[in-house]
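The values are calculated or read from the model by the stated rules, or taken from the named source; none is laboratory data. Keep in mind that this is a model prediction, so the values were computed, not measured. Counting neighbours? That spans all protein chains shown, and the Cβs are built from the backbone with ideal geometry, glycine included.
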Amino acid sequence: MKVSVIISGLSFIFYLFSCSKNNKPIDRFALVSRHNVEIKTIDSLNSLTVGNGRFAFTVDITGLQTFHEYHAGGIPLGTMADWGWHSKINTEGYSLEQVYRTWNVHGRKIDYVHRYSNRRDSLKYRASEWLRENPHKIHLGMIGFDFQGIDRPDKSIIQNPAQKLNLWEGSIESRFSVNGETVKVKTLCHPQLDLISSSVESQLLTDNKLRIKIHFPMGIPGQTAYDFSQPGKHITEIISETDSMVIFRRQQDEDIYYVKLYKPGSVLVKGEEQHQYFLEAKPRDTLLQFSCLFSKELPDEDILPGFSETKAASAAFWKDFWSTGGAVDFSECTDPRAFELERRVILSRYLTRIQCAGDFPPAETGLTYNTWYGKFHLEMHWWHGVHFALWQKEKILENQMQYYFRILDKAIATARHQGYAGVRWPKMTDPEGNESPSNVGPYLIWQQPHFIYYAELLYRNAKDKMSILERYKDLVFATADFMASYAWYDSTQNRYILGPALISAQESLRPETTVNPAFELVYWYWGLKTAQEWRRRLRLVPDERYADVLKKLSPLPVKDNLYLCSEDTQDTWENQRYMSDHPIIAGISGMIPETGFVDKDILKNSLDKIQQVWNWQSCWGWDFPLLAMSAASVGRGEQAIDFLLMDAPKNRYLPNGHNFQDATRLMIYLPGNGGLLTAVAYMCTTNTFPKNGKWKVKWENLNSIN
């Protein structure tokens with residue numbers, strides 16, 4: 001016994017020494033800087049972004065938003081903020097009650113907020129479309145270059161472009177020529193203010209052949225979030241102006257926001273079109289610098305930080321970001337895929353920090369452009385947010401968890417209306433916590449245990465564990481109360497059942513017939529078991545309902561030594577529909593911490609089957625990290641890497657680091673970036689990179705899921 005304890009202890013010490021510290025600290029500046037993005041070609045997918053997590057500004061090859069029409073067919077050039085929402089006036093008085101679809105669920109009638117696509121059902125159709133679209137994120141203002149004296153300028157006027165995203169400083173440096181004259185641009189975002197600042201150098205400034213164009217669009221629900229063709233439907237007015245500062249008031253319907261421009265040494269000129277202004281350098285000046293603040297509230301008239309102050313603030317912020325928290329260095333690996341994995345990791349850390357670190361759960365395309373009208377999906381919050389806790393940036397996740405407190409009343413109301421206890425968290429939602437009509441979203445349940453997961457991560461990582469327990473216990477228990485009451489007791493078989501009406505995380509399955517999906521069963525088990533553990537930590541008696549569900553929860557569906565997605569007899573490995581969308585069976589181990597509820601041998605068989613037969617065209621960016629964590633959880637490091645770096649359509653990462661999905665809607669997909677970071681942290685902390693001598697991975701300051 002003593003010998004085995006000594007060997008186990010030595011093994012653990014060797015693991016920490018070789019995998020975590022590896023003799024000397026990681027050179028973080030070198031690690032980050034070798035992945036600075038450099039672009040020399042004009043491509044609508046090569047947009048770059050600066051941001052602070054609550055606000056983001058996306059630019060083209062000029063370093064500003066000059067060719068937004070060209071980029072509308074690729075990655076759009078957005079100016080977006082957490083608070084930048086608009087709602088059309090609800091003149092028809094549409095309400096969620098108008099779009100209820102009532103299901104008979106185990107003898108009870110339960111209403112779901114359904115999307116009606118049949119136009120013949122006129123009122124329900126119009127109501128569901130209005131409620132889906134409103135509120136929606138909007139573009140706050142387009143800031144680009146105006147080239148005077150050039151008829152119909154387009155991207156073809158740009159010569160010798162060279163652009164660099166300096167990750168250590170958080171800056172975009174652009175250099176190009178127009179008619180033989182060089183233009184140098186540096187663009188930054190302030191880390192604390194929703195403010196961009198730019199410096200432009202060029203001889204073209206001296207006689208206004210080059211100037212800054214500020215054009216305010218109408219906000220729309222569509223993908224680009226802007227429309228310049230309806231100038232009469234919104235208002236731009238200057239409410240304060242001095243030699244160096246201008247405050248614009250913007251209004252569309254009942255929504256108002258402000259834009260404050262700091263323009264030392266330059267002149268603001270009104271354009272011929274409505275909502276259009278130009279910033280011009282003074283005669284003989286070859287340097288123009290400006291800062292532009294976007295604000296939901298009326299800003300004061302104090303001087304804004306100029307370019308130099310913003311540059312210093314950005315540099316300090318990003319140096320601290322990269323120097324603290326987790327780091328993973330693949331430079332000593334000899335597998336030819338290692339450098340690409342490291343690139344994806346570094347750029348994913350940058351992108352998730354600037355796009356996904358605001359006060360709300362992020363949208364799947366962040367603060368760049370609209371998908372699903374800019375609304376966020378709470379089942380995706382796991383993929384956006386868990387990695388922050390694992391990379392020791394948990395304050396970002398904890399800040400976003402406050403959103404659940406703010407929408408608590410509506411989540412309670414939903415559960416009560418459906419006859420359940422506790423809180424039922426929405427799926428596709430908005431800052432107020434409203435459920436969006438859908439024929440999928442309201443039937444999902446896998447977002448329900450997420451809050452327990454976040455709280456447990458914070459507890460495990462906290463020094464003051466009791467403060468975490470006290471802060472989050474009410475929502476942990478309210479979430480578990482719903483989960484326990486949602487499970488239906490089948491007295492004939494003495495077991496608890498999940499569904500119907502239920503759509504699994506594998507959204508290709510039917511709500512009418514999906515019963516006991518494997519992933520949701522395991523997540524229910526883990527969530528209720530963890531809530532029970534929270535009661536023990538707080539010295540509360542165990543909850544009898546939790547205990548009964550845990551004891552009698554249905555076993556996982558199995559056939560031919562393979563896990564099935566659900567007990568629906570059509571959900572088999574012979575059904576092509578079944579082998580599409582998310583291979584969520586893999587999530588029962590890895591994504592979900594160890595439960596003892598999963599047979600690892602059956603899971604291995606299932607992973608092999610997925611690898612052989614799955615429809616990879618139908619997968620999404622986070623599916624590959626999901627599979628990697630699952631393979632790692634059963635000790636298959638090489639299979640994990642194969643999944644993580646699979647050559648598949650939606651596992652492509654662009655030069656700017658974005659996870660590309662398709663060319664029509666999801667040119668970027670941030671759950672893929674977040675999932676990648678979660679999987680890499682998981683594989684580091686579980687020491688499950690391949691043991692073939694090619695993966696000498698160094699890492700620091702990562703937290704474990706288990």
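Can you name the residue in region 496-553 that is in contact with a Phe, Trp or Tyr (Cβ under 7 Å, 6 or more places away or on another chain) and among the charged types (D, E, K, R) and, of all such residues, is surrounded by the fewest Cβ atoms within 10 Å (Cβ to Cβ)? Selected residue: 552.
Consider region 126-156 and keep the residues that are assigned to a helix (DSSP H, G or I) and at pLDDT below 95. The one that is nearest to residue 376 (Cα to Cα) is 155. Listed by position, the strands (runs of 3 or more DSSP E) contained in region 12-94 that have at least 1 residues being closer than 16 Å to residue 144 by Cα, among the hydroxyl-bearing types (Ser, Thr, Tyr) and at pLDDT 95 or above are 48-51, 55-59, 79-81.
Could you give every pair whose Cβ atoms fall below 6 Å, whose first residue belongs to region 195-211 and is closer than 28 Å to residue 257 by Cα, and whose second residue is part of a helix (DSSP H, G or I) and of a type in the set (Phe, Trp, Tyr), counting only separations of at least 6 or pairs across chains? Close Cβ pairs (under 6 Å, with a partner that is part of a helix (DSSP H, G or I) and of a type in the set (Phe, Trp, Tyr)) amount to 197/307; 199/307.
Could you go through region 418-434 and let me know if any residue there is in a strand (DSSP E or B), more than 30 Å from residue 34 (Cβ to Cβ) and of a type in the set (Val, Ile, Thr). Yes, because at least one residue in region 418-434 is in a strand (DSSP E or B), more than 30 Å from residue 34 (Cβ to Cβ) and of a type in the set (Val, Ile, Thr).
Just wondering, is there one or more residues in region 100-110 that are touching a strand residue (DSSP E or B) at 6+ places or on another chain (Cβ under 7 Å), charged (D, E, K, R) and either free of Cβ contacts under 8 Å to residues at least 40 places away in the same chain or assigned to a loop (DSSP other than H, G, I, E, B) (or both)? Checked against the condition, which is being touching a strand residue (DSSP E or B) at 6+ places or on another chain (Cβ under 7 Å), charged (D, E, K, R) and either free of Cβ contacts under 8 Å to residues at least 40 places away in the same chain or assigned to a loop (DSSP other than H, G, I, E, B) (or both), region 100-110 yields at least one hit.
Pairing each residue of region 574-596 that is assigned by TED's automatic domain parsing to the domain that holds residue 521 and surrounded by fewer than 17 Cβ atoms within 10 Å (Cβ to Cβ) with any residue that is in a loop (DSSP other than H, G, I, E, B) and of a type in the set (Gly, Ala, Ser), provided the two are 6+ apart or on different chains, yields C-beta distances under 6 Å for 577/508. Of all residues in region 330-357, those satisfying the criterion of being within 18 Å of residue 314 (Cβ to Cβ) and part of a helix (DSSP H, G or I) are 346, 347, 349, 350, 351, 352, 353, 354, 355.
When region 604-640 is filtered for residues that are crowded, with 19+ Cβ neighbours inside 10 Å, among the charged types (D, E, K, R) and in a helix (DSSP H, G or I), only 623 remains.
Among residues of region 386-397 that are in the same structural domain as residue 680 (by TED's automatic domain parsing), those with a beta-carbon under 8 Å from a residue that is in a loop (DSSP other than H, G, I, E, B) and among the hydroxyl-bearing types (Ser, Thr, Tyr) at least six positions away or on a different chain give the pairs 390/704; 392/324.
Between a first residue in region 311-324 that is buried (at least 17 other Cβ atoms within 10 Å of the Cβ) and a second residue that is not in a loop (DSSP other than H, G, I, E, B), which pairs have beta carbons less than 6 Å apart while being 6 or more apart in sequence or on different chains? What qualifies is 311/188; 314/188; 322/28; 322/32. Confirm whether residue 476 is closer than 18 Å to residue 558 by Cβ and touching a residue at least 40 places away in the same chain (Cβ under 8 Å). Spelling it out, it is not the case that residue 476 is closer than 18 Å to residue 558 by Cβ and touching a residue at least 40 places away in the same chain (Cβ under 8 Å). Against the criterion of being farther than 24 Å from residue 706 by Cα, assigned by TED's automatic domain parsing to the domain that holds residue 533, in contact with a Pro (Cβ under 6 Å, 6 or more places away or on another chain) and in contact (Cβ under 8 Å) with a residue 24 or more places away in the chain, residue 614 qualifies.
Checked against (1) in contact with a Ser or Thr (Cβ under 9 Å, 6 or more places away or on another chain); (2) closer than 20 Å to residue 60 by Cα, residue 114 passes all but a single condition, namely (2). Kindly evaluate residue 278 against the criterion of being part of a strand (DSSP E or B) and surrounded by fewer than 20 Cβ atoms within 10 Å (Cβ to Cβ). So residue 278 fits the description; yes.
May I ask you to verify whether residue 164 is in contact with a helix residue (DSSP H, G or I) (Cβ under 8 Å, 6 or more places away or on another chain), closer than 26 Å to residue 367 by Cβ and in a strand (DSSP E or B)? No, not satisfied.
Condition check: within 20 Å of residue 451 (Cα to Cα), charged (D, E, K, R) and free of Cβ contacts under 8 Å to residues at least 24 places away in the same chain. Does residue 536 satisfy that? In short, yes. Regarding residue 373, is this residue touching a His at 6+ places or on another chain (Cβ under 7 Å) and of a type in the set (Ser, Thr, Tyr)? In short, yes. Considering 299, 283, the condition of being farther than 19 Å from residue 393 by Cβ, assigned to a loop (DSSP other than H, G, I, E, B), of a type outside the set (Phe, Trp, Tyr) and free of Cβ contacts under 8 Å to residues at least 60 places away in the same chain is satisfied by 299 alone. Any chance you could count how many residues in region 664-680 are touching a Gly at 6+ places or on another chain (Cβ under 8 Å), assigned to a loop (DSSP other than H, G, I, E, B) and not β-branched (Val, Ile, Thr)? Looking only at that region, the number is 2. Across region 167-200, what is the total count of residues that are assigned to a strand (DSSP E or B) and not β-branched (Val, Ile, Thr)? Qualifying residue count for the region: 15. Being touching a Ser or Thr at 6+ places or on another chain (Cβ under 7 Å) and assigned by TED's automatic domain parsing to the domain that holds residue 76 narrows it down to one residue among 258, 277, 226; which is it? It is 258. Confirm whether residue 371 is hydroxyl-bearing (Ser, Thr, Tyr) and either under 28 Å from residue 468 (Cβ atoms) or out of contact with any Asp or Glu (no Cβ under 8 Å at 6 or more places or on another chain) (or both). Judged against the criteria, residue 371 is not a match. Taking the numbered list (1) crowded, with 21+ Cβ neighbours inside 10 Å; (2) touching a Lys or Arg at 6+ places or on another chain (Cβ under 6 Å) in turn, residue 215 passes all entries but (2).
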